[in-house]
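Beneath this line is the structure, given in structure tokens, with notes to follow.
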Amino acid sequence: MHGVVPEDTDFMIMIFTALYCEAKPIIRFFGLKKDTGHHLFQVFKNDDIILLVTKPGIVNAAIGVTHLCSAYPPNPSDLLLNIGICGAGDRNIPTGTVYLCNKIYEMDTGIYFYPDMIFAHPFEESGIVSSSNPVSEKHSADIPELLADMEASGIYRAGILFFQPHQMFFIKIVSDYLQSDKIDSSIVSELIGQNIPEITAWITRLHDGMTNSSPVFSPEEEKMLAEVSKNLRLTVSMQNQLRQAARYYKLQHGNFSANLSSFIKKENVLPVKNKHERKRAFEQLMREFA
Amino acid sequence: MNSLCVNLLNPPFSHIYIEKGVVDHPNTVKILSRFPKSTQVIIKHYKDIFNRSRQNYPVQKQSQNLIIAEKRPPFVYRGSPLCQNFGNDNFYYANTVINCVYNCEYCYLQGMYPSANIVVFVNLDDIFGDVRKLLKSDPVYLCISYDTDLLALEGFLGFSEKWFEFARFYPHLTVELRTKSANLNSLEKLTPQENVILAWTLSCEYVWEKYEHGTPSPMQRLNCIEKALAKGFQIRLCFDPVIYIKDWEDEYGRLIEKVFRELPAGKIKDVSIGGFRIPCDYLKDMRKNNPNSAIINYPFNAVNDVYSYPPDLSDRMNSYMLGLIRKYMPEEKIFTWK
Ligand code: SF4
């Protein structure tokens, strides 16, 4: 994003994949269009979803997330979804099994990250090891979790700067038994593609169920408060006290416009000429909310 | 984002995080046996999950998970000056559990802790050990249910019972267990003791209905207290916090009348009265988390980093409550927090 101000920052789901072949079935499923404004990463989007291909590795993943979230700062009801393939340390797990990660162990640093597990989901659950270098099958006994990838911890590290832990989801599809060098990109696309309907149905339902709490003051009320504060030349501390009293009054009684109007109409209050008059007027104003 | 569609959520305790070091602790084993369907996640230290940055307390509250951990020293803390000590000098509190299954809008825990998940410390014996040490020099007054509601968790935890058993051997120890629960089954398993006080917080109907989400109604609490009195438990009534609401005099007037109609005043150990008060830092976080809550958005007065009602209102509320309660209880048994 070379200084381009995004027109529409109202994305709801931010998806990150490491590889284009992981992204391909998602792009196709949602009919995402390439966003040519980004030169460092491949980015695809529609009105609701934006997807970035980070390239493999923990550091690349973190940079990719930071890049996109800096360009489009998420709001409290947006979600981050990391989808990708992973290796499994247990050959009894069929390839194509979908996991939601409840714990991410960063092999390079020994640090654990925990996404919140608040939402019901139809997938298997496991911890995952993220490592900068691929973990090979002969070292599978050394990894403390069932699954292994090369991005999840980087996504978490960067994601937590913009999201809360309940907004981030790490979905991994088993593609191999820690021989990732042998996987063909078409197989990766197929593994992701066959699970995309279920994953997207779930994440969309989640997103639809989230509601943003609306601000306490309406734009008109904000305007009235600003006007009174200006006319009375209130100090910052007085403005804070006024806002707190107005907020409480509104939450208790539903409306405070009448109180402010009646105050403004009182002829003996305005204009305030000195500190003394301001203090007196402010006390009078606060009594309106008592 | 503060509210979520209920059917999207995992049930409470769907996930239990267990510190590696206490996986085999008998209390852990017992707790886990009560939640066979929960997903168990092994962790190194409870703070790795409890103290994560940017957690959303109200969201987590809607689907609380459990963290089983080992309490490290200090095991026992000096009582806060914001809490009533009922005339006891050596006032301490101990946390065997952090956070609560109830969801009172005014609860300070939302401002005190970064997470709404419930932490259970299974190594009660270490805490008992520390209390024993304190008792060697002086009598001890110990509150064990401040940062939680221990009796509400008794069904799967059994910690109240363990405290009762412990206190039996130490006559110089006085234990206060504060609760809003109406857990009759748990009471059945406890044996009344002189030095263990069950302290019930009582609120008027309006406060209960509007702000004490998930708690038993005042009537249910009263029924439970009545049974507890009949069994011979030491009972304290806490009208604390008294909350300023519209028609507060009528509301609290009705409450006091109902309380002393239902309960034999002569059997009650003592009563406390206290207006809502909270450290400024906690309230700031609570307001951020819950901007639409009227009760925590009251324009409180800040004195010494503590928010409370303006002095004239505080005085009016205290003397009103005192006046009502004095009709039923001798003044020396009424403790007012000022
Ligand atoms: S019962 Fe007590 S500890 Fe529990 S939420 Fe209510 S005020 Fe907080």
Open item on the list: Kindly evaluate residue B:86 against the criterion of being away from the ligand (no atom under 16 Å from the Cβ) and within 17 Å of the chain's Cα centre (by Cα).
Closed with: yes
Open item on the list: For region A:99-143, which positions are without any contact (Cβ under 8 Å) to a residue 40 or more places away in the chain, facing chain B (nearest Cβ under 9 Å) and outside any strand (DSSP E or B)?
Closed with: A:117, A:120
TODO: Residue by residue through region A:71-88, note down the ones that are over 18 Å from residue A:23 (Cβ atoms) and either surrounded by 22 or more Cβ atoms within 10 Å (Cβ to Cβ) or facing another protein chain (nearest Cβ under 10 Å) (or both).
DONE: A:75, A:76, A:77, A:78, A:87, A:88
Open item on the list: Is it the case, given these coordinates, that residue B:22 is under 24 Å from residue A:105 (Cα atoms) and more than 14 Å from chain A (Cβ to nearest Cβ)?
Closed with: yes
TODO: Please work out which residue is farthest from residue B:58 (Cα to Cα), limiting yourself to region B:205-220 and to residues that are assigned to a loop (DSSP other than H, G, I, E, B) and touching a strand residue (DSSP E or B) at 6+ places or on another chain (Cβ under 9 Å).
DONE: B:215
Task: Residue that is modelled with the highest pLDDT [pool: residues in region A:256-282 that are in a helix (DSSP H, G or I) and loosely packed, with under 10 Cβ neighbours inside 10 Å] - done: A:276
Open item on the list: I'd like the full set of residues that are of a type in the set (S, T, N, Q) and over 15 Å from the mean Cα position of the chain (by Cα), limited to region B:89-116.
Closed with: B:90, B:115
- [ ] Go through region B:42-65 and count every residue that is within 8 Å of another protein chain (Cβ to nearest Cβ), touching a helix residue (DSSP H, G or I) at 6+ places or on another chain (Cβ under 8 Å) and farther than 25 Å from residue B:291 by Cα.
- [x] 2
Open item on the list: With the condition being under 17 Å from residue B:60 (Cβ atoms), I'd like the strands (runs of 3 or more DSSP E) fully within region B:74-168 carrying at least 1 qualifying residues.
Closed with: B:118-121
Open item on the list: List pairs: first residue in region B:86-106 and within 14 Å of chain A (Cβ to nearest Cβ), second residue more than 9 Å from the ligand (Cβ to nearest atom) and part of a strand (DSSP E or B) anywhere in the structure, Cβ distance under 9 angstrom, at least six positions apart or on different chains.
Closed with: B:106/B:278
Task: Matching option when the condition is surrounded by fewer than 23 Cβ atoms within 10 Å (Cβ to Cβ) and within 16 Å of the ligand (Cβ to nearest atom), among B:146, B:141 - done: B:146
TODO: Only one of these is within 25 Å of residue B:90 (Cβ to Cβ) and either touching a helix residue (DSSP H, G or I) at 6+ places or on another chain (Cβ under 8 Å) or buried (at least 20 other Cβ atoms within 10 Å of the Cβ) (or both): B:254, B:178. Name it.
DONE: B:178
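The values are calculated or read from the model by the stated rules, or taken from the named source; none is laboratory data. No experiment lies behind these values; they were computed from the predicted model shown. Heads up, the Cβs are rebuilt from the backbone with ideal geometry, glycines too, and the neighbour counts pull from every protein chain shown.
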